[in-house]
Amino acid sequence: MKTYFITGGAGFIGSTLTKRLLMEGNKVIVIDNFCDYYDPSIKEDNIKDYLDNPNYKLYRDDIRNRNIIKEIFDNNKIDVIVHLAAMAGVRPSIENPLLYQEVNGMGTQIILEEAKLHGIKSLVMASSSSVYGNTKEVPFKEDMIVDFAISPYAATKKANEVMAHVYHKLNDMNIIMLRFFTVYGPRQRPDLAINKFTKLMLEGKSIPMFGDGSTSRDYTYVDDIVDGIVRSCSYVINNKDVYEIINLGSNNPISLIEMINCIADTLNVTPKIEKLGMQPGDVDRTYACIDKAKELLGYSPKTTFKEGIKKFIEWYKISK
């Protein structure tokens with residue numbers, strides 16, 4: 001049995017990870033501020049089945065509150081930190097960049113600093129495929145230069161990678177930074193395209209399609225992402241002198257129009273498409289090279305996009 005501390009643990013990925021860790025007999029400590037970026041009742045629903053589990057502990061607070069992070073680390077023997085908490089989303093970060101810097105930057109450094117002071121040596125932290133910006137060469141590899149972010153969100157994630165390396169080097173901390181590629185599946189946030197488009201199609205409303213439909217994303221099913229996180233946790237616990245940046249994706253980009261048509265086919269509807277211009281901060285494509293994840297972690301995504309969409313829609317219909 002291990003004790004995991006998950007920041008942002010009531011969210012989409014965090015609550016799915018919690019489910020797996022508890023099923024495997026581990027202890028899970030979660031912090032989440034239940035902010036109103038989207039309806040907080042969604043997060044409440046994500047965690048409702050865990051609240052009576054003796055191996056689950058929830059702190060309703062903010063990672064920017066250094067006193068509560070210190071208290072958590074003082075009162076619990078933590079084996080590994082999984083840092084997922086962040087202000088998410090490219091477009092909102094353009095509207096409110098200072099908040100993104102405060103939460104994603106300072107909040108992350110508080111986690112790193114208190115981990116250092118409490119002797120917690122194993123961390124797995126969420127980065128993002130957004131750091132690649134509009135890199136022309138594909139697939140995206142971890143050793144590419146990523147100094148040309150096109151959104152404040154991406155910039156904060158790149159900065160976190162750099163700061164994490166500082167703490168690794170100075171404090172002998174084992175850290176893996178995971179660059180997630182467009183995660184989808186049950187519990188997906190309502191502001192993300194697959195969730196939003198499913199809702200609109202079921203309501204018979206038009207789909208906003210930014211650009212000509214040729215932009216593409218390396219959609220990755222949430223259970224595959226969670227498997228990669230769990231494998232990363234094992235790696236930082238069981239190895240020495242670890243600092244790695246690792247892509248977690250599917251290595252199979254899907255275009256926007258393909259995504260829309262796949263949802264429509266699964267729902268057995270004809271999509272109504274409203275064509276709009278490209279949005280500031282959006283990248284043309286994402287495409288993960290996952291060779292490093294395979295080699296170091298034994299990572300191997302199992303869910304095809306079509307299968308994942310079917311599972312998501314089944315969950316969506318039940319949850320509404």
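Nothing in this text is a laboratory measurement; each read-out follows from the coordinates by a stated rule. If you're wondering where the values come from, they're calculated on a predicted model, not measured in any experiment. Positions of Cβ are backbone-derived with ideal geometry, glycine not excepted, and every protein chain shown enters the neighbour counts.
With a point put 7 Å past each Cα toward its Cβ, work out how far I94 is from D291 in nm, to one decimal.
Those two pseudo-labels are separated by 3.4 nm.
Out of the trypsin sites (Lys or Arg not before Pro) in segment 15-78, which ones are loop residues according to DSSP with at most 11 other C-beta atoms within 10 Å? Spell out each step's value before the answer.
Working: sites: K19, R20, K27, K43, K48, K57, R60, R64, R66, K70, K77; in loops: K48, R64, K77.
Sparse-neighbourhood loop trypsin sites (Lys or Arg not before Pro): K48, K77.
What's the angle, to the nearest 10 degrees (0 to 90), between helix 193-202's Cα axis and the longest principal axis of the chain?
Taking Cα atoms only, the helix is inclined about 40 degrees.
Using helices alone, what [θ] at 222 nm do you get for the chain, with -39,500 (n - 2.57) per DSSP H run of 4 or more residues, divided over all residues and rounded to the nearest 500?
Details: 12 runs with 132 residues, N = 320.
So the helix-based figure for the chain works out to -12500 deg cm²/dmol.
Is the C-alpha gyration tensor of segment 177-220 telling us rounded, prolate or oblate? Criteria: a/c under 1.5 is rounded; beyond that, a/b larger than b/c is prolate, otherwise oblate. Intermediate values should be presented prior to the final figure.
Values: a/c = 3.20, a/b = 1.40, b/c = 2.29.
Oblate, since a/c reaches 1.5 and b/c is not below a/b.
How high is the relative contact order of the chain? Use alpha-carbon pairs under 8 Å, at least six apart in sequence, and give a whole percent.
In percent, rounded to a whole number, it is 18.
For labels at N76 and M1 in the simple 7 Å Cα→Cβ model, what's the distance in nm?
1.4 nm
Return the ratio Rg/(2.2 N^0.38 Å) for segment 64-115, where Rg is computed over Cα atoms only.
For segment 64-115, the normalised Cα radius of gyration comes out at 1.29.
Taking the Cα-to-Cβ direction at K48 and at F34 and moving 7 Å from each Cα, how far apart do the two end points lie in nm?
Simple spin-label model gives 1.3 nm for this pair.
Which of the lysines could be linked to K57 by a straight reach, that is with a Cα gap under 20 Å, when you skip same-chain ones fewer than 8 residues away?
The reachable lysines, counting only those whose Cα sits under 20 Å from K57, are K2, K19, K27, K43, K48, K70, K77.
Between H83, H118, H165, find the one with the highest GNM mean-square fluctuation for the chain; connect C-alpha pairs within less than 10 Å.
Highest fluctuation among the options: H118.
Note down the Stokes-Einstein diffusion coefficient of segment 157-244 in µm²/s, whole number, using a Kirkwood radius over alpha carbon pairs, 10 °C, and 1.306 mPa s.
Numbers: Rh = 15.9 Å.
D, rounded to a whole number, is 100 µm²/s.
Multiply the residue separation of F210 and N55 by 0.36 nm, subtract the distance between their alpha-carbon atoms, and state the gained length in nm to one decimal.
Going from the current span to full extension adds 51.4 nm.
Starting from a Cα-only point model with no solvent, please compute log10 I(q)/I(0) by Debye for segment 1-124 at q = 0.17, 0.19 1/Å.
With no solvent term, the Cα-only Debye profile gives -0.85, -1.05.
Could you run the Debye sum over the Cα atoms of segment 84-222, one equal point scatterer each and no solvent, and tell me log10 of I(q)/I(0) at q = 0.12, 0.17, 0.18 Å⁻¹, two decimals?
Debye curve over Cα of segment 84-222, log10 I(q)/I(0) at q = 0.12, 0.17, 0.18 Å⁻¹: -0.57, -1.05, -1.14.
What label, among [x] 36; [y] 44; [z] 30, belongs to percent of Cα pairs over 30 Å apart computed from the structure on display?
For percent of Cα pairs over 30 Å apart, the calculated option is [z].
I'd like the GluC sites (Glu not before Pro) in segment 119-184 restricted to DSSP loop residues with at most 14 other Cβ atoms within 10 Å, sorted by number.
Here the GluC sites (Glu not before Pro) that fit, given the DSSP loop and packing criteria, are E137.
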